[in-house]
Amino acid sequence: MNNRTTAYQHFAAPWTNLAMRCLAAIIVLASTGLLSVADAGPREQAKRIHDRLAGVPPSEAVLVQMEADVQAGNAGAIDAAYTAMANPNFYNVTLKNFAAPWTNREGDAFVPLNDYIATVVGMIRDDVPFNQLLSADLLYIGNPSLGVPPYSSSNNSHYEAIESNNHDMQTGLVQTTQSSLTGLPPSATAGVMTTRAAAEAFFVAGTNRAMFRFTMMNHMCNDMEQVHDTKLPPDRIRQDVSRSPGGDSRLFLNNCIGCHNGMDPMAQAFAYYNFNPDTGSIEYTPGQVQPKYFNNEDNFPFGFRTPDDSWDNYWRAGQNQFLGWDPSLPGSGVGAKSMGEELANSDAFASCQVKKVFRAVCLRAPEDATDRSQVDQMVTSFKTGYSMKQTFAEAAVYCMGQ
Amino acid sequence: MDQVQVRSMTTPALTKRPLRASATAALAAVLLAACGGGAPTTENPVTSETPPVGYQGPPPATADVQSFKLNVWDNVHTSNRCGACHNESVNQAPLFARNDDVNLAYEAANTVVNLTQPGNSRLVEKVGTGHNCWLSSAQACADIMTTWIEGWAGEIATGGRQIVLEAPVSTAPGASKNYANATVQDFATLVHEPLLLEYCAGCHSSSAPTSQQPYFAEADAEAAFEAAKQRMDLDDPANSRFVLRLGNEFHNCWDVGCAASAAEMQAAIQAFADTVPLTEIDPALINSLALRIVDGTIAAGGNRFENDQVALWEFKTGSGTTAYDTSGVDPAIDLTLSGDVAWFGGWGITVNDGKAQGSTSASKKLHDLIRGTGEYSIEAWVVPANVTQEMARIVSYSAGDDARNFTLQQTLYDYQHLLRSTETSLNGDPALSTPSAEEVLQASLQHVVATFSPVNGRRTFVNGELRTGQDPVPGGSLVDWQDTFAFVLGNEVSNSGLWQGTIRLVAVHNRALTPEQVVQNFDVGVGEKFFLLFSIEDIINVPTAYILFEVSQYDTYGYLFNEPRFITLDESQQVQGIPIQGLRIGINGDEVSVGQSYANLDSVLDTAAFGELGQPLSALGAIMPLEKGPEDDEFFLTFDLLGTQSYVRTGDPALVVTPEDLPPAQRIGIRTFDEINATMATVTGVDPETTAVDMTFQKLRQSLPAVENIQTFLSSHQVAIAQLAIEYCNALVEGPDAATYFSNFNFDQAPATAYSETNRNQVIDPLIDRVMGIAIQTQPDFTVVRDELGYVSSDGARPDNLIDRLLVSPDNPNTRAIAKGVCAAVLGSAVTLVQ
C-alpha cells in the first residue's frame, strides 16, 4: 500500500502546481459545456443513447453507425441502443452500479462486486426473463479462464478479483446454478434473495424481515409505509412485536400492525434461512424454524409462533391489491422460491423494474402524463418477455432528446 | 391455584357439568394450566401457637382457628379497624373481632367470609363499599382484607381460589354513541373551552402550578379530549364522571354551587353528545349477544406465591395521589405520587417525570424484615417507555445518588441490580447487570424479579427466566443497611434518576424466590382478567352455547381478548360439525376495524374437541382499542359463518394511486464515479488498470459524483475530477501511445517551438475530437474550446489562453507538461462530465 501511495505521489507531485493552474481553465470549460444545450439531431441522439447506456461516449465509428440507425426511425433507434449495450461498460459500469445499491441495507453503490450484482448483470446480458429474479436457481460466476479465485460460498473473493482486475463481465461471466455451488437444495433457491451477498446483508441476525422489506423496496418500489393497511387480520404477527410499545397499544393499532400484518405472513417464507457471520455462509435448515423467529417471544406470548415456512399474501385483499398480483398464482405457498414468484409476477414488480431503468437512463423520474404513458407502454412490453435489455433500449430511445 | 367450574344461572337444573363437577385435585392442576397457573401453593410461614401479648382469652382450639387468628384476627381486632365495633363490648354483630375469645370470633367470622373465593367475602364487600375503611381508598381496604382472608384460606385449601363460570345476563348489542364519530372540534367548543379550561385548568393541566392528572383541561384540545373521553358518558350524560364528581362528590365546584355546576357540566356534555350520531349495528351481521367486561367472571388473582411477601403495590386505585401497599403486612408503605405520574388503565402507574415514594418510617419495614432474613426479592411488572434511558431507577430503597440498600434500575437494554452488603459499596456497587448483548430489557410488559441470598448472591429473572450469570460478588450480609432510607419507584429519592415507563405491580419478599416461585408468579400475570361468555345459542340453536374469551384491560388504551373457546354450560348438549368462520369482535354497536386476530378463523364446533374449558378455537390474542372505558364499552362477536347463517363481507377495494406531476427535471445529468473513470479511459485510450491511474481512482472514487442529478454537483467533485484527469493525461502523454494520439506533434522540441501557431493544433485537435466528439451540436462549439486552449488571431496576437499562459509560466513547464495541462483542461471539463 505504501509503495503504491508513493508511486502515486511520485506521479502526482510534479503536477500539483500545474493542476491548480489548469483548474481555472477546466471550470471555464465546464461552464461552456453546461451552456451548450442545443437541439438534438440523430447524431446527438445517438451519442446520448450511448452515453446513457454505456456510461461512456462512443467511438466515432460506433457513433456513425448508431446515427444511421437512429435516422432509420424508432426500430433503428432500438438497434442503436443495442449497439450501445454491446459496449463492455454497459455491464461493468452501468449495470453493476444499477444493481449494487440493492445488495446492502444502506443502498450504497460503492460496494465490491458480489454474486447478487453479477447475477443481475448476467441475467440482463443473457436476457433471462427478469421475473425469475427472485425465484430462479441461478448464479453467475467468473469464467474459470479469468484466473481469479474460484467461487466460494463463504467469502466474496471471487467477485472482488473480477472487479479489481477489471474483467469484462460481458464476456467473463458464465451461468450456473446456486444449488451446485452453495449447498442449497434447488427448491430452496430463490434467485438473488438466496445469493450470498443478499444473505449477508439481509439474513444476518435480526428476524429475517429485512430480506422482505428490502426486496419490497428494491424490486417492488414500495417501502412498508406505502403498503400500510391496518385493517388486515394480525393473526400472523409474531410474538416479538410488542402490542403495547412503551405501554401504549395505540401505537400498535395505528402503526405497527399496518406493516406487520402483511409482512410477517410473507417473511415466514424465510423461516429456514440464516446467515452465519462466523462461517460467512448462508444456512438453510429445512423443517426447522430458525431461532430468530422466536426472538423476544415474551413480548406478546399470545402472538403467532412460526411453525414452518409457509407463507400467505394477505395483500391480495384490501387496498394493497393495487400491487397487481398475478391471478394465476395461488397467493400462498411454502418457502422463499414461491414467495419470490408471487412478488416477481406482480404488476408492481414489472412497473418497478421499468421505473428503475427509466430513472437510470433518463436520469430522472417519470414526471408527467407523457412519461407515465411511456412507462405504461414499457411495462406492457416488459411483461411480454421480461427482457431488461429491451427495457433499457426503450428507455434510452425515449430519452434520447428531441 | 385457580379452579374453574361452570355453572349456569339460567338453567338451574343444569348447574354443573358432571365432568367438571367431579374435578379431582389432578384435574384442578389441568384447569390451572388453562388459566395460566404455576407451581402449587405452599404453606404460610408463621405458625406460632403463642397468643400475642394482649390476648388473654383461651388459645385457638384448632389449627384452623390458629390460622384465622394469625391471618385475620390479629389484623382486624385492633381499635382502629373492625375491632372498634365488632367486639364483645360494643356488641356490633357479627363479633368476628371480639377480644375475649378468638374461637368465638372464628365462629362469627365464618359467617362473613368465603374461603373458596375470598374476594367474594362479605367482609371484603363491606370494606370495599367504604364501610369504615381505615384507608382513604375503599378498594385498598378490600384488597388488604382479601389478602388476609386468602392467607387464612391458604392454610386449609390447596386448591386456591375457585372460579365459577356463570351464565351472564346478556343483551342484544345496542345502538350507542361512539367517540369514533365525535370530533375534537365539537368537544373543544362545547365542553373544553367553556367549562374545562375555565374551571379545571388550575389543576388538571400539565402547565398548572399544582398539575394533577388526568389532564382533561390541557390547553391542547386533542390531548384534553383523550383524557376526557372516559369521564363523559355520551349515552347518559348525567352518569358522566365529570357530572358525578361535581354533583355528588362536591369536587371543586365553581361559584354557582355544586348542583348548578353539575347541571352546567351535564348540559355541556349533552350538547356534545347531541353532535355524535348513534352507531346502529348492521342488521345483516351474524352476531352474538353483548357483554361488558364487568359482566364477566374474574379470572385472575389468587395463586401468586406470596408467603414471604412483605410489601405489595397493585395500583388498583386508579385516581388520587396514593398507591397503597396492600400486602397486609403492617406498617403499609403507601406511596405518594408526585410530579408527572399518571394512573395506567388496567392497574398501574405511568411515570413520565415524577416518582412514587414512601415515608422513611414506613419504609423501615423493609429494613427490619429483610435484614432479619438476610435475603430478599424485588418483583415488578414493568413496561419501560424506551430502551435509551440510563441509570434509571425502577425500584429503589435509597437515600440519594450515593447511598442505597437496594435498587433495580434500567440502563439501555439492561436491568441492573445494586445492593449494599458487606461485599459491596455503600452505594451498592458494583451493579449486577443482565448481559447487554442479549438486550433482555424491552419496551414491552416484562416481569422482572431481582433476588438476593447469601448463598446465590444476586440473580435477575426476566419473564420467568434467569438472565444473569453467577454474581461475581460473594454473597455478603446486610448488616450495613440503613433504616432511614425511603422506598421509591420510578426515580431516585433525590429526583436525579428518573425512569420513564409503566409499573403495573411491585412486590417485595423477604426471601429469595426460587426459580419455580418466580415462574409461578410470572404465569399468574398481572392485572385483572375476566372470562366473558358471549352467547351464540340463538344462532346455532344449542342452549347454553357460548364463545368464551379471557379479556383484560391491556393498557390505558386497549383490551386484550385472548384464547377464544367454544363452550356449553350444559354439558348434556352435544354439538357436532357446526362450522365457524371469520370471528370478529365488535364494540359499542360496530365491528372494530383493526386488530381482528380471528378474522381468518376456520373451524368446526364439536363436542369431541372439548377440553375442560370447552373447545379451543385459537391460541392467539387480539388487542382491541378502548373507547369509552372498561365499565361502559359493550362487546359482541360477529361471524362470517356460524352454523347455517352467514354474512357476506365485501373487502376494501384496491387503493387507487393518482399520480401527480413532478416539477420538470433536467434532461441532462452528470456522469458518476465509475462512468467518469471509464469515460476518461475511453477517450484517452489509457488502460484504467495502469497503476498510477488506478491508485488515483481508488483514492478518489468516493469523492467523485455519486448521483446523476446535475444540481448535486459540488466544487469538491470538480477537484477530484481534475486530479483524475491529470493522472490520465500524465499516463497518456508519458505513455507509449502519445505519438499516435498526438500524431505529428514533436514532444522533444522546446515549448516555444513545439507550441508554435501551426503546431499547437496537433495537441488541441485530437483532444477535442476524442473527448468532446466531432460535430455534436449538444457539445460546445469546437472553435470556442480550441480558442480557450490556444487561440491565435489572424494578426498573430495571442490573447489570454491556456497554452500561452503556460508558456510564460514562472514554473517554466516543459513541452510534455504543457500538453498534460491542455489535456487535463479538456478531459476534466463538462464536455466529459455532462451526459
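All of the numbers you see were taken from the coordinates with simple rules; none came from a lab. All values reported here derive from a predicted model rather than from experimental measurement. Cβ placement follows ideal geometry from the backbone for every residue including glycine, while neighbour counts extend to all protein chains displayed.
Restricting to DSSP H runs of at least four residues, report the calculated mean residue ellipticity at 222 nm for chain B, -39500 (n - 2.57) per run over all residues, nearest 500 deg cm²/dmol.
Value at 222 nm, helices only: -7000 deg cm²/dmol.
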Kirkwood-Stokes translational diffusion coefficient of segment B:596-636, alpha-carbon pairs, 25 °C, 0.890 mPa s, µm²/s: 191 µm²/s
Contact order relative to length of segment B:174-303, as percent, for alpha carbon pairs under 8 angstrom and 6 or more apart: 27 percent
Spread of Cα-to-Cα distances over 5 Å intervals beginning at zero, given as percent, for segment A:144-300: 2, 8, 15, 17, 16, 14, 10, 7, 5, 4, 2, 1, 0
Chain A - mean residue ellipticity at 222 nm from DSSP helices (-39,500 (n - 2.57) per run, n ≥ 4, rounded to 500): -13000 deg cm²/dmol
q = 0.15, 0.25, 0.27 Å⁻¹: log10 I(q)/I(0) that the Debye formula gives for segment B:419-458, counting C-alpha atoms only: -0.49, -0.96, -1.01
Highest-first arrangement of B:344-350, A:307-313, B:390-396, A:213-219, where packing means the average Cβ count within 10 Å: B:344-350, B:390-396, A:213-219, A:307-313
DSSP bridge orientation in chain B - percent antiparallel, rounded to nearest 5: 95 percent
Radius ratio Rg over Rh of segment B:313-370, counting only Cα atoms, Kirkwood formula for Rh: 0.99
Rounded Å value of the spacing that divides the Cα centres of segment B:740-754 and segment A:237-287: 69 Å
Dipole of chain B, positive end: most advanced residue of B:Tyr546, B:Pro237, B:Leu642 [Cβ charges, Cα centre]: B:Tyr546
About the Cα centre, charge dipole magnitude for chain B (Lys/Arg +1, Asp/Glu -1 at Cβ), debye: 1080 debye
For q = 0.06, 0.07, 0.09, 0.11 Å⁻¹, Debye-computed log10 I/I(0) when each Cα of chain A counts as one equal scatterer: -0.29, -0.40, -0.64, -0.89
Between helix B:360-373 and chain B: long-axis angle, C-alpha atoms, 0 to 90°, nearest 10: 80 degrees
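Please give the net charge around A:Glu60, taking every other residue with its beta carbon less than 11 angstrom from that of A:Glu60, where Lys and Arg add +1 and Asp and Glu add -1.
+1
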Computed magnitude of the charge dipole of chain A (debye, nearest 20; Cβ of K, R +1, Cβ of D, E -1): 500 debye
P(r) weight above 14 Å for segment B:491-547, C-alpha pairs, percent: 76 percent
Projected-area average for segment B:385-425 over all orientations - Cα convex hull basis, square nanometres: 2.9 nm²
Under 15 Å, Cβ to Cβ, from B:Leu195 - net charge with Lys/Arg +1 and Asp/Glu -1: -3
Theoretical gain in end-to-end length, B:Glu88 to B:Ser703 [0.36 nm per residue, Cα-Cα removed]: 211.9 nm
Segment B:669-758, relative contact order [Cα under 8 Å, separation at least 6], %: 31 percent
64 Å tail of the calculated P(r), the protein assembly as shown, as % of Cα pairs: 29 percent
Pair-distance profile P(r), taking every C-alpha pair of segment A:257-381, with 5 angstrom steps and integer %: 2, 9, 15, 16, 14, 14, 13, 8, 6, 3, 0
Contact order relative to length of segment B:417-519, as percent, for alpha carbon pairs under 8 angstrom and 6 or more apart: 25 percent
Note, ³J(HN,Hα) from phi for segment B:413-420, Karplus 6.51, -1.76, 1.60, rounded to Hz, x at Gly and Pro: 8, 10, 8, 10, 10, 10, 8, 7
Average silhouette area of chain B, convex hull of alpha-carbon atoms, in square nanometres: 54.7 nm²
Angle in degrees between helix B:258-274 and the longest Cα principal axis of chain B, rounded to the nearest 10: 50 degrees
